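Dumping the structure here so I can ask a few things about it.
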Amino acid sequence: MIKCRNIILYVFLFAAFLGCKQKNENENKSGKPVIYQLVVRLFGNQNSTNKYYGSIQENGVGKLDDINDKALDSLKALGITYIWYTGILEHATMTDYSKYGIKVDDPDVVKGRAGSPYAVKDYYDVDPDLAVNVQNRMAEFQALIDRTHHHQLKAIIDFIPNHVARGYFSDAKPDSVIGFGEQDDTSVAFSPHNDFYYIPKSQFIVPRGADAGGPDFHSKLKDGKFDEHPAKATGNNVFRPDPSIDDWYETIKLNYGVDVMNGDKEYFTPLPPVWKKMRDILVFWAQKGVDGFRCDVAEMVPVAFWHWVIPQVKKVNPQIIFIAEAYTPGKYEQYLNYGGFDYLYNKVGLYDALKKLIKNDSGASVSEIDTLMHFQKKFSSHMLNFLENHDEKRIASKQFADNPFLAEPAMVVAATISNAPVMIYFGQELGEKAERAEGFGADDGKTTIFDYWGVPAVQQWTNGGKFDGGKLSERQKDLRNFYQRLLHIAGENTALYKGDYQVVRNKDFNDKQLAYLRFNGQQKILIAVNFDRKDTLKTTIQLSKNTGNTKIFKTADNLFTQEKQSIENGIAITVPPSGYEVLKLD
């Protein structure tokens, strides 16, 4: 009897092991990071009032709790593996939270009623807008991180190292932390021991044309002035007391020991105090379970700092990732190899090339893509590919393509051309148009990061918190289905995240048509895209002539349509205008 019980127990444990193993395999299908950027303040907001320069009471605001289990299930089904939660850190705002002991900001140095998430007011705190219970905001953030991890997803937040809000004041920092500027010698323009840069004997001047909160916003603090004496240098390297309305006038530049006004001379020994303060901030958030940092304008901070700080943060979590917002191709390898970043923005590179093709700009050619792939050959897998983020115009906006389906071939390229991660911006998969001026931002084809707003396409998908797409049009459903299929294809086929790239040449291609192979020892996949808006790409490709591979392939499976074709006499491709084919060869 005991022997029988043991056998039953062994069978049960083995079955449980297989069940866990199968579950884990199903939950970790993606071999490349697939990132979904969402602005927390906007994502769950169901209010559709959208009043110009509307207050939080008028236009509403999204909360951390809105990103619930249903939302996370839906994003995971879309093929997402990382979520970049934008706007987590407490930043300057025109909303009054003084009853919670939070210092009121001077609206004359705040952009928009909600304020920019990149004008951080307290590196050690969560933005109160995002909390159901303001006094419980850090616990609500921690619950979101735990909830994200429970769904086998990972969380990225912003790290803004170059500048802080003009009214920076941390009331949440540990008692042992010395606040920024507390020990500065404000009589000198530069000292490696200072946290800020100064313009001695000057008073900060609010830019001409600044109308805090719009004409209908009234506050006793709104007087066109801000008491800052001596004036500090502005975040985008403006070393004058009077930045313009187009400058980052709401921010102050941090000093990493670089004498910017005297030939960028570096003073890194002893370590500038900002280095240590920033390390402690990164460690603080890493210890809360954050899985990655998107580092704002990373090139405006010395690469030596990143070389020093990233390994220290990775001691807390060796798997944590660092993404740099970088725009200088000549420095890409330096920020990867020496700086230690895992990924860099592929904006000045693939994004720019694809944007020209999507817009059908004069002179746009796929040859630029192949040239870029050769330039990035050594580090292409470390570039973050995307077509939208909070800084760029919405594809479906009238300022860009006006039609989100015109970007489908470009999105196929972004997701499949290299082993690199791919990112989409919330609402991109739904054709969000970003219509109308919201407040500080003009009618510019971008979704505001400055004001309280509802994002129509996202609201149609969230459907009152059901996250079931119940209010989407059929066209929107088709678009989201395209993204879902593509992201799964990109993340689940080894040739697309652990394979080589080779362009396919063919006499029938014009300068708007491209084909390439992705392959490794396990898989071979042919991708063909057609940016031509009029002509169909129809040809036959003899694979052996392009790869030198002597293997005889017999069939090709279309990973989007599931159609199969015999290819013993070559691969027949028919790609309609603004179309694509992704064929897995067997």
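The values are calculated or read from the model by the stated rules, or taken from the named source; none is laboratory data. Since this is a predicted model, take the numbers as computed values, not measurements. Methodologically, a virtual Cβ is constructed for each residue, glycine included, from the backbone with ideal geometry; neighbour enumeration extends over all protein chains shown. Side chains are part of the model used for accessible areas, which takes the heavy atoms of the whole protein and leaves out ligands, DNA and RNA. Shrake-Rupley method; radii C 1.70, N 1.55, O 1.52, S 1.80 Å.
Considering only residues of region 144-157 that are open to solvent by 10 Å² or more (accessible area, probe 1.4 Å) and in contact with an Asp or Glu (Cβ under 6 Å, 6 or more places away or on another chain), which is farthest from residue 343 (Cα to Cα)?
Here the residue is 152.
What are the residues in region 283-298 that are part of a helix (DSSP H, G or I) and either among the β-branched types (Val, Ile, Thr) or buried (at least 19 other Cβ atoms within 10 Å of the Cβ) (or both), if any?
283, 285, 286, 298
Give region 321-344 a look and list any residue that's in contact with a strand residue (DSSP E or B) (Cβ under 6 Å, 6 or more places away or on another chain) and either in contact (Cβ under 8 Å) with a residue 40 or more places away in the chain or among the β-branched types (Val, Ile, Thr) (or both), or say none.
Correct list: 321, 323, 332, 341, 342, 343, 344.
Let me ask another. Going through region 300-325 one residue at a time, which ones are part of a helix (DSSP H, G or I), of a type in the set (Phe, Trp, Tyr) and under 13 Å from residue 161 (Cα atoms)?
305, 306 - these are the residues of region 300-325 that are part of a helix (DSSP H, G or I), of a type in the set (Phe, Trp, Tyr) and under 13 Å from residue 161 (Cα atoms).
Filter region 304-342 down to residues that are among the aromatic types (Phe, Trp, Tyr) and open to solvent by less than 40 Å² (accessible area, probe 1.4 Å) and give me whichever is farthest from residue 157 (Cα to Cα). Steps first, please.
Narrowing region 304-342 to residues among the aromatic types (Phe, Trp, Tyr): 305-306, 308, 322, 327, 332, 335, 338, 341.
In the following step, the residues that additionally are open to solvent by less than 40 Å² (accessible area, probe 1.4 Å) were identified as 305-306, 322, 332, 335, 341.
Details: 305: 19, 306: 17, 322: 10, 332: 22, 335: 20, 341: 15 Å.
The qualifying residue farthest from residue 157 (Cα to Cα) is 332.
Enumerate the pairs (first residue in region 237-259 and under 12 Å from residue 165 (Cβ atoms); second residue anywhere and part of a strand (DSSP E or B) and aromatic (Phe, Trp, Tyr)) with beta-carbon separation below 6 Å, excluding pairs fewer than 6 apart on the same chain, so at least 6 apart or on different chains.
252/196
Quick one: what pairs do we get from region 163-174, first residue small (Gly, Ala, Ser), second in a loop (DSSP other than H, G, I, E, B), C-beta under 7 Å, 6+ apart or different chains?
Here the result reads 165/92; 165/119; 165/250; 167/92; 167/105; 167/106; 170/179, each pair linking region 163-174 to a residue that is in a loop (DSSP other than H, G, I, E, B).
Let me ask something else about it. From (1) more than 26 Å from residue 529 (Cα to Cα); (2) out of contact with any Lys or Arg (no Cβ under 9 Å at 6 or more places or on another chain), pick out the condition that doesn't hold for residue 349.
Checking residue 349 against (1) more than 26 Å from residue 529 (Cα to Cα); (2) out of contact with any Lys or Arg (no Cβ under 9 Å at 6 or more places or on another chain), the one that fails is (1).
Being buried (at least 21 other Cβ atoms within 10 Å of the Cβ), of a type in the set (Asp, Glu) and farther than 13 Å from residue 106 by Cα is true for just one of 216, 195. Which residue is that?
Being buried (at least 21 other Cβ atoms within 10 Å of the Cβ), of a type in the set (Asp, Glu) and farther than 13 Å from residue 106 by Cα holds for just one of 216, 195, which is 195.
Now a separate question. Mind listing just one residue for me: the one in region 555-586 that is farther than 15 Å from residue 530 by Cα and among the charged types (D, E, K, R) and, of those, least open to solvent (accessible area, probe 1.4 Å)?
For region 555-586, the residue satisfying everything is 557.
Sticking with this structure for a sec: Of the residues 242, 184, 175, which is open to solvent by less than 70 Å² (accessible area, probe 1.4 Å) and either under 27 Å from residue 275 (Cβ atoms) or outside any loop (DSSP other than H, G, I, E, B) (or both)?
Result of the check over 242, 184, 175: 184.
Within region 52-65, track down each residue that is surrounded by fewer than 21 Cβ atoms within 10 Å (Cβ to Cβ) and assigned to a helix (DSSP H, G or I).
Listed by number, the residues that qualify are 56, 57, 58, 65.
Quick one: count up the residues across region 353-377 that are open to solvent by 40 Å² or more (accessible area, probe 1.4 Å) and under 18 Å from the mean Cα position of the chain (by Cα).
Adding up the residues that qualify gives 1.
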